[in-house]
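One structure is given below, encoded as structure tokens.
Please treat every number below as a calculation from the coordinates, not as lab data. This is a predicted model, so every value here is computed, not measured. With ideal geometry, Cβ positions are generated from the backbone for all residues, glycine too; neighbour counts draw on all protein chains shown.
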């Protein structure tokens, strides 16, 4: 089964609760991008906005912490209503950060940038509840999908399956109806989409279409004629 996680980074921040409500019936998770202006060259939202959104949504809050010091904020995001927090392997202290997140009762995710080799996350596959492969350079929405990441997604899936690990494999960046089946065929099962959903006239229909497109990449989905 696929999970679709609309990214609020591409939503209208002037009506964020309403935007989330428009996709609630079709979404599995809500992806919340947190940027500190240091790890990535952009600033977005923090725990107060997450807490405000939590009052309006019962979706799983998938918080992606693109921050130099995510450990200083894990507790704040948990209190605000985050269900999971994902940190970047490039930040360092990976094992400790994953353990801290789990100790707080959060689902612990580990993200990897497009240019970072798979080997950086390999030692931590058994410690993470989620692996996030970035298919754009983090920092801004609306970027083009980087197809060169597909082999890394496939290798991550192969290693998770080979070791019998249950971590979910997520992708984020340039996901739309064209790229969804590609990443699913490579092994992703959680798809983050921002502009392809919130940039559409009917975001809920766009969410549904991306799910249908992604399902074409699932094993056994191609029926011989």
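Remarks
- Of the criteria (1) without any contact (Cβ under 8 Å) to a residue 40 or more places away in the chain; (2) on the phi < 0 side of the Ramachandran plot; (3) more than 17 Å from the chain's Cα centre (by Cα); (4) surrounded by fewer than 18 Cβ atoms within 10 Å (Cβ to Cβ), which one residue 213 fails: (4)
- Filtered residues of the range 34-57 (kept if in contact (Cβ under 8 Å) with a residue 40 or more places away in the chain and touching a helix residue (DSSP H, G or I) at 6+ places or on another chain (Cβ under 6 Å)): 57
- In the range 118-134, the residues that are within 19 Å of residue 171 (Cβ to Cβ) and in contact with a helix residue (DSSP H, G or I) (Cβ under 8 Å, 6 or more places away or on another chain): 118, 120, 121, 122, 124, 125, 128, 129, 131, 133, 134
- Qualifying residue in the range 72-79 (condition: within 22 Å of residue 204 (Cβ to Cβ), buried (at least 17 other Cβ atoms within 10 Å of the Cβ) and touching a helix residue (DSSP H, G or I) at 6+ places or on another chain (Cβ under 7 Å)): no
- The range 173-195, subset surrounded by 19 or more Cβ atoms within 10 Å (Cβ to Cβ), in contact (Cβ under 8 Å) with a residue 60 or more places away in the chain and within 25 Å of residue 18 (Cβ to Cβ), residue nearest to the chain's Cα centre (by Cα): 192
- Of the strands (runs of 3 or more DSSP E) lying entirely inside the range 9-105, not one carries at least 3 residues that are over 20 Å from residue 170 (Cα atoms).
- Among the criteria (1) touching a helix residue (DSSP H, G or I) at 6+ places or on another chain (Cβ under 6 Å); (2) within 24 Å of residue 125 (Cβ to Cβ), the one residue 168 does not fulfil is (1).
- Answer from 88, 64 - the residue that is in contact (Cβ under 8 Å) with a residue 60 or more places away in the chain and buried (at least 17 other Cβ atoms within 10 Å of the Cβ): 64
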